[in-house]
Amino acid sequence: MAHAADRRCVVIKADVHLAREGFTMDVQFQAEGSVLGVFGPSGAGKTTLINLIAGLEKPHRGSMALDQQTLFDAAQQIDVRTHQRRIGVVFQEHRLFPHYSVTGNLLYGARRENGDLDRVVTLLELSPLLDRRINQLSGGERQRIALGRALLSRPQLLLLDEPLASLDLRLRRQIIPYLRRVRDELRVPIVYVSHDLTEILQLTDQLLVLERGKSVGCGRYGEIVHTDAVLSVVHDRGMNNVLVARVLEHKAEDGVSVLEIGPREQGEPTGRLFAPLCAAEVGATVSISIRPWDIALAAAPVSGVSILNQVRGTVLRCTGHERRMLVDVNIGAPLIVEISRRSATTLHIEPGTPIVCLIKSHSVQFVGALGPGSPQ
């Protein structure tokens with residue numbers, strides 16, 4: 001897997017207004033990174049934003065730029081045509097041609113004959129499917145074909161609009177590793193739209209949050225979630241911690257797997273967690289999730305309790321929101337914890353405070369492997 005520094009980053013700037021019957025969009029943001037996640041409830045304007053970036057819809061005023069290229073500027077009367085923007089789009093419903101073979105669909109819209117086909121076929125593991133018709137494919141296979149077709153147009157930006165929304169959980173877990181491959185190996189910048197925050201956080205921590213046609217926050221998830229505007233959108237819509245972990249061992253007799261969190265220092269792990277027994281092989285790298293309210297904090301390890309995970313950490317940040325406190329704790333990786341204001345006062349929570357995170361093993365959920373074909 002490529003390091004983050006090896007990925008191609010893109011700068012997107014937007015300050016646009018659009019009004020139509022029953023909906024108004026006023027969005028202002030600047031984002032930089034290899035993947036930008038766009039999150040918000042239904043009707044927030046996520047698909048409209050995708051259409052504006054792609055040139056499928058036109059703002060009534062404002063401007064939009066991709067790196068140094070102005071895509072739209074009402075004041076300067078600039079509106080780059082859709083086919084000139086070199087932007088690939090993958091929609092939820094995939095929009096493949098049923099009368100073409102898989103190969104025909106892949107090559108539709110390709111810029112020219114080149115070696116890209118072999119590379120994309122290898123990357124997305126499409127070789128066994130090339131001679132099939134679309135009606136012979138599963139939903140996950142169809143989305144891989146749609147992704148491959150978009151990549152063969154040689155886009156400078158890839159827009160993915162709820163690409164996994166129609167798939168069940170098993171297929172979603174199969175597709176996300178391929179999206180990581182696109183991010184890391186092809187280095188194609190991505191704007192990824194989803195109503196599933198956990199899904200987004202498996203790809204990026206750079207987030208644009210929309211609500212009712214407005215941008216309420218843009219930046220690193222761990223930073224912007226501390227603002228009231230963003231927290232009000234994400235809290236009851238899947239707010240989560242998504243962490244990378246390594247499988248150290250399986251204790252089948254106890255029904256648990258032992259995980260390692262964070263980078264190793266001189267061969268020693270920075271944090272360990274007990275999780276429900278999983279099928280991933282020892283040594284595999286996996287994504288796990290832990291909800292902020294499934295974590296309790298203590299000033300010191302607690303004896304005589306059934307909670308298996310008592311992980312030492314340090315408070316990085318804490319912010320108050322109505323009846324709750326959000327606390328960032330470093331356990332080898334950053335962890336967002338939600339506790340009551342009273343608990344925060346009792347524990348004297350402040351940056352730098354040593355703390356113990358209490359996490360029930362069944363609160364640690366496996367959400368995916370970090371490579372295609374890795375068992376879950």
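Overview of results
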| read-out | value |
| --- | --- |
| Only one of GLY140, GLY104 that is buried (at least 17 other Cβ atoms within 10 Å of the Cβ), without any contact (Cβ under 8 Å) to a residue 60 or more places away in the chain, of a type in the set (Gly, Ala, Ser) and part of a helix (DSSP H, G or I) | GLY140 |
| Filter result for the condition that a residue is modelled with pLDDT of 95 or more and in the same structural domain as LYS360 (by TED's automatic domain parsing), over VAL209, VAL256 | VAL256 |
| Filter pass, ARG172 being among the basic types (Lys, Arg), in contact with a helix residue (DSSP H, G or I) (Cβ under 9 Å, 6 or more places away or on another chain) and crowded, with 19+ Cβ neighbours inside 10 Å | yes |
| Count of segment 297-319 residues which are charged (D, E, K, R) and either in contact with a helix residue (DSSP H, G or I) (Cβ under 9 Å, 6 or more places away or on another chain) or not in a strand (DSSP E or B) (or both) | 1 |
| Test for GLY148: is it of a type in the set (Gly, Ala, Ser), part of a helix (DSSP H, G or I) and modelled with pLDDT under 90 | no |
| Positions within segment 274-296 being modelled with pLDDT of 95 or more, assigned to a strand (DSSP E or B) and closer than 23 Å to ASP196 by Cβ, in sequence order | ALA275, PRO276, ILE288, SER289, ILE290, ILE295 |
| Candidate set from segment 68-85 (those that are surrounded by 14 or more Cβ atoms within 10 Å (Cβ to Cβ) and either among the acidic types (Asp, Glu) or modelled with pLDDT under 90 (or both)); member that is nearest to SER127 (Cα to Cα) | ASP79 |
| Enumeration of residues in segment 204-230 that are without any contact (Cβ under 8 Å) to a residue 40 or more places away in the chain, part of a strand (DSSP E or B) and touching a helix residue (DSSP H, G or I) at 6+ places or on another chain (Cβ under 6 Å) | VAL216, GLY217 |
| Sole residue being touching a residue at least 24 places away in the same chain (Cβ under 8 Å), in contact with a strand residue (DSSP E or B) (Cβ under 6 Å, 6 or more places away or on another chain) and more than 26 Å from LEU171 (Cβ to Cβ), chosen from THR48, THR82 | THR48 |
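Conditions tested, residue by residue: (1) touching a Pro at 6+ places or on another chain (Cβ under 9 Å); (2) crowded, with 22+ Cβ neighbours inside 10 Å; (3) under 20 Å from GLY88 (Cα atoms); (4) not assigned by TED's automatic domain parsing to the domain that holds VAL10.
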site	(1), (2), (3), (4)
ARG132	no, no, no, no
GLN136	no, no, no, no
LEU159	no, yes, yes, no
ILE176	no, no, yes, no
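The values are calculated or read from the model by the stated rules, or taken from the named source; none is laboratory data. The structure presented is a predicted model; accordingly, all values stated were derived computationally and were not measured. Every residue, glycine as well, gets a Cβ built from its backbone with ideal geometry; the counts of neighbours run over all protein chains shown.
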